[in-house]
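What follows is one structure encoded as C-alpha cells, with my remarks underneath.
The values are calculated or read from the model by the stated rules, or taken from the named source; none is laboratory data. None of these values were measured; they are calculated from a predicted model. Cβ coordinates were reconstructed from backbone atoms using ideal geometry, including for glycine residues, and neighbour counts include every protein chain displayed.
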Amino acid sequence: MTICQNFLDNLSRLSKFRLHTGNVNAYTELKLRRFENSAEELSACLDLQLQSTPLTSEFKDDTTLLLCDNAHIDDYERAEIKITMKVFLSSWEASQIEAAISSLKEQLKTKDIEVLILSFPELDVVEGESEEKEIQRWFEKVKPLYESASKLVESSQIGSIGVADFTAAQLSKIIETFDTKPSINHVRLDGCCQVPPELQSLANDHDVQLLVHNDPNPFPTNKIFHTFCELRGQTPPICPLFETTWAARYSVWVRRRSIMASKGYIVQFIRKT
Amino acid sequence: MGLLAEGTPLSWEETIQYIDYIKRHGIAQFVNLYHKLKFRERSELKWGDEVEYTIVKFDDENKKVRVSCRASQLLKKLKSEEERNNSLGRPNKFLWTPEFGAYMIEGTPGSPYGGLLECFSHVEEDMKLRRKDIQRLLREDESILSMSFPSFGVRDFTSPPSKITPENRSFGSIFWPDEAICSSHLRFKNLLKNSVDRRGSKIFMNVPIFKDSNTPDPYVEDFSKFGDSQDYQDAKPDHIYLDHMGFGMGCCCLQVTFQTVNVGEARWLYDQLTPITPVLLALSAATPIFRSKLSEVDTRWGISSASCDDRTEEERGLKPLENEDFVIEKSRYDSTNCYIDPSSVAYNDIPLQYDENLYQTLIKGDIDEPMAKHIAHLFIRDPLQVYFERIEQDDAIDTEHFETIQSSNWMNMRFKPPPVDDPKIGWRVEFRPTEVQLTDFENAAYCCFIVLLTRVLIAFRTNYLIPISQVTENMKRAQIRDAVRSQKFFFRKNVMESEETNGKAESGPLNDAEIEEMTVDEIVNGKEDGFPGLMSFIRKYLDSADLEVETLSTINQYLELISKRASGEIPTLAHWMRDFVMDHPNYKHDSEVSDEIVYDLLKKMDSISNGEEHCEKLLGPFHPKSLSDL
C-alpha cells in the first residue's frame with residue numbers, strides 16, 4: 001500500500017474534513033507554469049501533492065489537513081503582511097463563511113484577516129422572471145450572508161468585505177442597504193481591459209476598488225476533485241464517499257514590498273448522504 | 001550622479017601622492033560602514049529612476065539642429081526654486097542635477113516611488129510633468145529630448161557656436177569644444193583632465209561604420225582640415241573616429257535604483273540582475289549614429305566605456321609593466337567582473353585583480369571573501385576627483401574616499417551601501433545599462449518592466465546566474481546593430497532551484513548543459529519547449545496580485561510594448577532612426593547623415609516626444625496618455 005493510499009484510507013473514515021494545500025509557490029513545477037485560471041492551479045497543485053507524501057498526521061472530523069509546509073510565513077511580522085481570502089460558496093449558507101474564516105485563522109495562526117471576498121453561488125434561473133424580480137430574489141439570498149460577514153467586520157475578525165463579479169445593479173443594492181459597504185468588487189477582465197462605465201462610476205463614487213482576478217465563476221470545486229480522481233486511475237475510496245462544499249483561496253501579500261509570501265487553497269469535504 | 005562635493009579639485013599630478021592614502025582610508029571607511037549598517041533593514045521597497053535629457057536648438061531657417069549649451073542657466077533657476085521649496089517646507093516634485101554635457105540635464109523624482117504596484121499608474125505622469133518643468137524654461141526654438149545627440153563633433157554642433165582651432169582644443173580633441181562640457185560644476189572638466197593625464201594620451205574610440213551601398217570601401221576619412229596627422233593618428237579605416245570623453249559621457253541613459261530589505265537581499269538581487277543587463281541593453285537600443293554617421297552599433301555603451309578609459313598604456317597591455325601593477329582588461333566603465341553574493345561564487349570565472357594588502361585589510365576587517373574581492377577590485381581604479389579640503393577624513397563617520405572610487409567605477413550594476421547619516425535609506429541596487437527612450441510612455445514601460453522583474457526574482461527565487469565571463473560576452477553582443485533581433489545571448493535554461501536545493505545550498509558548479517544561446521525574444525517571451533520567458537513570470541506574478549483595473553491596464557500596455565520590442569514586432573529606437581535615415585530622400589546611402597537629415601529626424605522625434613504626433617511604427621498601437629488624460 002502506498003503512503004498516499006494510506007492517507008486516503010485514513011480520510012475515508014471521516015465524515016468531513018478540509019484539505020489545505022499550503023503555499024502553492026513552494027513547488028517549482030507550479031512556479032514555472034502560468035495557469036489560465038486559479039482552478040487549473042488548484043488542480044495542478046492537488047495533482048502534485050497527492051502523488052507525494054502529504055504531510056498531515058491528524059485525522060479528525062473537521063480537521064484541516066495541511067498538505068505542505070507553511071512555516072515560512074513566520075518570516076514576516078504580522079503588521080507587514082496583508083491576508084486576503086476569497087471564499088467560493090457552494091450554497092447560500094452563512095455557516096460556510098464562518099467555517100472558511102476559522103479554518104484560515106487556525107491554519108495561518110492569525111487572529112484576523114484583512115480582506116474577505118465573497119463569491120456567492122449562482123442563482124438558479126426562473127423562467128420568465130423579470131430583471132427586477134430576479135435581483136430581489138437574489139438579494140433575499142445574499143442578505144443574510146452579507147449580514148453575517150458584516151458582523152465579522154464589527155467584531156474585527158476581518159478588516160473589510162469584498163464581493164465578486166457583481167454587476168452595477170447588484171453592487172448598488174448592497175451599497176444602499178448595508179452600513180458596512182464592500183470595499184472591493186473582484187472583476188474578471190478576459191482579454192479586454194474595459195469595465196462597464198456605470199460600474200466604474202459607481203465604484204468611484206463609493207470608494208469601491210475594482211480589482212482583477214482570474215478565478216472561474218462559478219469555481220468548479222467538485223469538478224477539480226473528480227478530475228483528479230479520474231486521473232489517478234485507481235479510483236480511491238474518497239470519490240464516491242465525499243463531495244466538496246466551499247473552497248477558499250487565500251494570499252498573504254507582503255504589503256510594502258509587493259511580494260507574495262504565500263498563496264494557497266482550502267477545500268471543505270463532507271460525506272455524501 | 002556621483003560625487004558632487006565642493007572644494008578645490010587636485011590635478012592628477014597633485015593627486016598621485018595621495019592615492020595610497022585615499023585607497024587605504026577608503027577601504028577602512030567601507031569596513032566601518034559595512035559593519036555599522038549590515039543589520040539595517042528597510043521593510044519598504046522604494047525605487048526611483050534617473051533620466052538624462054539633451055537640450056537642442058532648432059535652426060528652422062537653415063534646417064540645422066544644435067545642442068543648446070544652456071543647462072547651467074536652467075539649473076541655476078531650478079536650483080533656486082528647489083531651495084525655495086525646501087525653505088517653505090514644500091516637497092520638491094523633481095530634482096535636477098548637471099551632467100557631463102553643457103546641454104545635458106538629469107532629472108529624478110523628488111521622492112522615490114513606494115512598494116505598491118499602484119505607483120505604475122503615476123510614473124508616466126510624473127515623467128511628463130518633469131519634462132514640462134524644463135520646457136517652461138526653454139526658448140521657442142529649443143526642445144528637451146531624452147536621447148543622445150547624433151551629431152556630436154560635426155562642424156558647428158553647439159549653440160552658442162564654438163570654434164575649435166589647433167590652439168584651442170579640449171584635451172586634444174579635433175571635434176569637441178570645451179564649451180560643450182558642463183561649466184557649472186568643476187567635477188566634469190576635472191574628471192576629464194585627470195583621466196587624460198593619468199592615461200597619458202588622448203582618449204579616443206573607433207566605432208565600426210555601417211557599410212551601406214555607397215559607403216567607400218575602405219572607408220577612410222580625411223581629417224586634414226582638422227589638424228595634423230598626429231592629431232588623428234589613432235583613427236582606423238572603416239571606423240568612425242571619436243576623440244573626446246564627451247562622445248560617450250555626453251550620451252544619455254536611464255538608470256533605476258531599488259531599495260532592498262537588507263544587505264543579503266541587495267547582494268542576491270545585484271547578482272540576479274547582472275545576467276539580465278545585456279538583455280535590457282539590446283532591448284532599449286537607441287544610439288545608432290555617431291558624429292552624423294551610421295554605425296554598426298546601436299548603443300552608447302562601448303563608446304561610453306572608451307570615453308572614460310583612464311588606463312595607461314601599460315595597463316592596456318601596450319607596454320611591458322613597469323610602473324603599473326596590472327594589465328587591466330576593461331575600462332573603468334564596463335560590465336562587472338564578479339558576483340558578490342556568497343551563493344554565487346561558483347560563477348565567478350574571471351580572474352580578479354586587486355591589491356593584496358587592501359584585500360587583506362578587508363578580510364581582517366571581517367568582510368567576507370566575495371564582498372572583499374568585489375571591493376578590492378573596485379579599488380584598482382585610482383581616485384580622479386580629490387578635493388584638497390576633503391583629504392583628511394574621519395573614517396568612522398566619513399565615506400567620501402570610499403565613495404569617490406565606488407562612484408567612478410561605472411558598471412552595468414552598482415551595489416550601494418546606505419548613507420550612514422540617513423537611517424531612512426537602506427541597502428540599494430542600481431540597474432544601469434538601459435538606454436533612455438524617446439517618450440515617457442516608453443521610459444515608464446522600461447522602468448515598470450525592470451521593477452516588476454525584481455519583484456518576480458524575489459517572489460519566485462529564480463536563479464539566472466551564468467558564468468560572469470558570459471555576461472561580459474553578452475554585453476558585447478548586445479551593442480551590435482539590431483542585436484535584439486540578430487544576436488543570441490548566453491542564458492540560463494534551468495531558472496528554478498530543484499526542491500532539494502531550494503534556497504538552501506550554494507549554487508553548485510555549473511553544468512554546461514544548463515546554458516543555451518537564446519534570442520531576446522526567447523528570453524523575454526519564452527520558447528515553444530516550455531522555457532518560461534521573463535514575461536511569463538511577470539504575468540504569473542500579476543495574476544495573483546489583486547491589482548486595480550486601471551493599474552493592470554497600464555501595466556499591460558507597458559508589458560506589451562516590451563514584449564513586442566523583444567519579438568521585433570516593434571523596432572527599437574535605434575532601428576527606427578536607421579529606417580528614418582535610410583528612407584530620407586536626401587540620404588545617399590553612404591552612411592553620412594547630413595545636417596538636413598539630422599534636422600528632419602530630430603524634428604520628428606520632437607513631435608513624437610511631446611505628443612504632437614503619434615508614431616505607430618515606433619510605439620505600436622499604444623496611445624500614450626496625454627497629461628490631460630492622466
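For the stretch B:161-183, which positions are touching a residue at least 24 places away in the same chain (Cβ under 8 Å) and closer than 18 Å to B:Cys251 by Cα?
B:Ser170, B:Ser173, B:Phe175, B:Trp176, B:Glu179, B:Ala180, B:Ile181, B:Cys182, B:Ser183 - these are the residues of the stretch B:161-183 that are touching a residue at least 24 places away in the same chain (Cβ under 8 Å) and closer than 18 Å to B:Cys251 by Cα.
When B:Lys236 is evaluated against the numbered criteria (1) closer than 20 Å to B:Ile480 by Cβ; (2) outside any loop (DSSP other than H, G, I, E, B), which criterion, by number, is the only one it fails?
B:Lys236 satisfies all of (1) closer than 20 Å to B:Ile480 by Cβ; (2) outside any loop (DSSP other than H, G, I, E, B) except (2).
Any residue that is of a type in the set (Val, Ile, Thr) and either within 20 Å of the chain's Cα centre (by Cα) or modelled with pLDDT of 95 or more (or both) - is there at least one of those in the stretch B:163-173?
No, the conditions are met nowhere in the stretch B:163-173.
Six or more apart or on different chains, Cβ atoms under 8 Å: show the pairs whose first residue is in the stretch A:198-220 and within 15 Å of A:Ser160 (Cα to Cα) and whose second is outside any loop (DSSP other than H, G, I, E, B) and among the small types (Gly, Ala, Ser).
Short answer, once both residue conditions are applied: A:Gln209/A:Ala203; A:Leu210/A:Ala203; A:Leu211/A:Gly162.
Quick one: A:Asp190 ticks every box in (1) farther than 24 Å from A:Ser91 by Cα; (2) within 12 Å of chain B (Cβ to nearest Cβ); (3) under 23 Å from the mean Cα position of the chain (by Cα) bar one, so which box is it?
(2)
Sort out which residues of the stretch B:543-552 are under 29 Å from the mean Cα position of the chain (by Cα) and either within 8 Å of chain A (Cβ to nearest Cβ) or at pLDDT 95 or above (or both), and write them in order of number. Lay out the reasoning, then the answer.
Taking the stretch B:543-552 and keeping what is under 29 Å from the mean Cα position of the chain (by Cα), we get B:551-552.
Residue satisfying the conditions is B:Leu552 alone.
Looking at (1) touching a strand residue (DSSP E or B) at 6+ places or on another chain (Cβ under 8 Å); (2) among the aromatic types (Phe, Trp, Tyr); (3) surrounded by fewer than 22 Cβ atoms within 10 Å (Cβ to Cβ), can you tell me which one B:Phe226 breaks?
With (1) touching a strand residue (DSSP E or B) at 6+ places or on another chain (Cβ under 8 Å); (2) among the aromatic types (Phe, Trp, Tyr); (3) surrounded by fewer than 22 Cβ atoms within 10 Å (Cβ to Cβ) applied to B:Phe226, the lone miss is (1).
What number goes with the only condition from (1) outside any helix (DSSP H, G or I); (2) at pLDDT 90 or above; (3) out of contact with any helix residue (DSSP H, G or I) (no Cβ under 6 Å at 6 or more places or on another chain) that A:Ser95 does not pass?
Result: A:Ser95 fails condition (1) only.
Anything in the stretch B:546-565 that is within 13 Å of B:Cys448 (Cβ to Cβ) and in a loop (DSSP other than H, G, I, E, B)? List them, or say none.
Result: B:Leu547, single match.
Does B:Phe258 satisfy being out of contact with any Asp or Glu (no Cβ under 9 Å at 6 or more places or on another chain) and either aromatic (Phe, Trp, Tyr) or within 14 Å of another protein chain (Cβ to nearest Cβ) (or both)? Please lay out each step first, then the result.
On the way: out of contact with any Asp or Glu (no Cβ under 9 Å at 6 or more places or on another chain): no; either aromatic (Phe, Trp, Tyr) or within 14 Å of another protein chain (Cβ to nearest Cβ) (or both): yes.
Criteria not met by B:Phe258.
Which of the residues belonging to the stretch B:291-310 are within 13 Å of B:Ala478 (Cβ to Cβ) and not acidic (Asp, Glu)? Spell out how you get there, then give the answer.
Step one: list which residues in the stretch B:291-310 are within 13 Å of B:Ala478 (Cβ to Cβ), which gives B:297-302, B:305.
Once the filter is applied, which keeps residues that are within 13 Å of B:Ala478 (Cβ to Cβ) and not acidic (Asp, Glu), the stretch B:291-310 yields B:Val297, B:Thr299, B:Arg300, B:Trp301, B:Gly302, B:Ser305.
For every residue, the table says whether it meets (1) at pLDDT below 95; (2) of a type in the set (A, V, I, L, M); (3) within 27 Å of B:Asp238 (Cβ to Cβ).
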position	(1), (2), (3)
B:Thr287	no, no, yes
B:Thr299	no, no, yes
B:Ser304	no, no, yes
B:Cys338	no, no, no
B:Ala376	no, yes, no
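Run B:Phe431 past the list (1) touching a residue at least 24 places away in the same chain (Cβ under 8 Å); (2) farther than 27 Å from B:Gln259 by Cβ and report the number of the one that doesn't hold.
So the condition that B:Phe431 fails would be (2).
Before we move on, is A:Ser148 farther than 17 Å from A:Ser251 by Cα and more than 14 Å from every other protein chain (Cβ to nearest Cβ)?
Working: farther than 17 Å from A:Ser251 by Cα: yes; more than 14 Å from every other protein chain (Cβ to nearest Cβ): yes.
The answer is yes for A:Ser148.
So B:Leu137 passes all but one of these: (1) under 19 Å from B:Cys252 (Cβ atoms); (2) in contact with a Phe, Trp or Tyr (Cβ under 9 Å, 6 or more places away or on another chain). Which condition number does it fail?
Answer for B:Leu137: the failing condition is (2).
Are there any pairs with C-beta distances below 6 angstrom linking a residue in the stretch B:438-455 that is modelled with pLDDT of 95 or more to a residue that is in a helix (DSSP H, G or I) and among the small types (Gly, Ala, Ser), with the two at least 6 apart or on different chains, and if so which?
Cβ pairs passing all conditions: B:Leu438/B:Ser609; B:Thr439/B:Ser609.
For the stretch B:563-578, check the following and say yes or no: at least one residue is at pLDDT below 95 and among the charged types (D, E, K, R).
Scanning the stretch B:563-578, I find no residue that is at pLDDT below 95 and among the charged types (D, E, K, R), so the answer is no.
Can you say whether B:Phe537 is within 13 Å of another protein chain (Cβ to nearest Cβ), buried (at least 18 other Cβ atoms within 10 Å of the Cβ), in a helix (DSSP H, G or I) and among the aromatic types (Phe, Trp, Tyr), as far as the supplied structure shows?
Working: within 13 Å of another protein chain (Cβ to nearest Cβ): yes; buried (at least 18 other Cβ atoms within 10 Å of the Cβ): yes; in a helix (DSSP H, G or I): yes; among the aromatic types (Phe, Trp, Tyr): yes.
So B:Phe537 fits the description; yes.
Among the residues of the stretch A:201-213, which ones are in contact with a strand residue (DSSP E or B) (Cβ under 7 Å, 6 or more places away or on another chain) and more than 8 Å from chain B (Cβ to nearest Cβ)?
Just the residues of the stretch A:201-213 that are in contact with a strand residue (DSSP E or B) (Cβ under 7 Å, 6 or more places away or on another chain), to begin with: A:203, A:208-213.
Residues satisfying the conditions are A:Ala203, A:Val208.
Do you know which residues across the stretch B:280-303 are in contact with a strand residue (DSSP E or B) (Cβ under 6 Å, 6 or more places away or on another chain) and among the charged types (D, E, K, R)?
Listed by number, the residues that qualify are B:Arg291, B:Lys293, B:Glu296.
Which of the following residues is outside any helix (DSSP H, G or I) and modelled with pLDDT under 85: A:Asp61, A:Asp74, A:Asp47? Please lay out each step first, then the result.
Values: A:Asp74 fails: outside any helix (DSSP H, G or I); A:Asp47 fails: outside any helix (DSSP H, G or I).
Matching residue, one of A:Asp61, A:Asp74, A:Asp47: A:Asp61.
Could you check B:Phe120 against (1) assigned to a helix (DSSP H, G or I); (2) buried (at least 19 other Cβ atoms within 10 Å of the Cβ); (3) more than 14 Å from every other protein chain (Cβ to nearest Cβ); (4) of a type outside the set (Gly, Ala, Ser) and say which number it fails?
(3)
So which helices (runs of 4 or more DSSP H) are wholly in the stretch B:5-88 and hold at least 3 residues that are over 26 Å from the mean Cα position of the chain (by Cα), polar (S, T, N, Q) and surrounded by fewer than 19 Cβ atoms within 10 Å (Cβ to Cβ)? If you could, list the steps in order and put the result at the bottom.
On the way: elements: B:12-16, B:19-37, B:71-87.
Qualifying helices (runs of 4 or more DSSP H): B:71-87.
Which of (1) assigned to a loop (DSSP other than H, G, I, E, B); (2) surrounded by fewer than 14 Cβ atoms within 10 Å (Cβ to Cβ) is the odd one out, the single condition B:Leu137 does not satisfy?
In the conditions (1) assigned to a loop (DSSP other than H, G, I, E, B); (2) surrounded by fewer than 14 Cβ atoms within 10 Å (Cβ to Cβ), B:Leu137 misses (2) alone.
From (1) surrounded by fewer than 16 Cβ atoms within 10 Å (Cβ to Cβ); (2) in contact (Cβ under 8 Å) with a residue 24 or more places away in the chain, pick out the condition that doesn't hold for B:Pro585.
Result: B:Pro585 fails condition (2) only.
Anything in the stretch B:400-429 that is surrounded by fewer than 20 Cβ atoms within 10 Å (Cβ to Cβ) and among the polar types (S, T, N, Q)? List them, or say none.
Across the stretch B:400-429, the qualifying residues are B:Ser407, B:Asn409.
Across the stretch A:14-34, what is the number of residues that are over 16 Å from the mean Cα position of the chain (by Cα), within 13 Å of chain B (Cβ to nearest Cβ) and either in contact (Cβ under 8 Å) with a residue 60 or more places away in the chain or in a strand (DSSP E or B) (or both)?
The qualifying residues number 1.
With the requirement that a residue be loosely packed, with under 13 Cβ neighbours inside 10 Å and in contact (Cβ under 8 Å) with a residue 24 or more places away in the chain, what does the stretch B:202-223 give you? Show your work before the answer.
Residues of the stretch B:202-223 that are loosely packed, with under 13 Cβ neighbours inside 10 Å, as a first pass: B:213-214, B:217-218, B:220, B:222.
The answer is B:Ser213, B:Asn214.
Given the conditions (1) free of Cβ contacts under 8 Å to residues at least 24 places away in the same chain; (2) under 22 Å from B:Arg155 (Cα atoms), which single one is not true for B:Glu596?
Tallying (1) free of Cβ contacts under 8 Å to residues at least 24 places away in the same chain; (2) under 22 Å from B:Arg155 (Cα atoms), B:Glu596 fails exactly one: (1).
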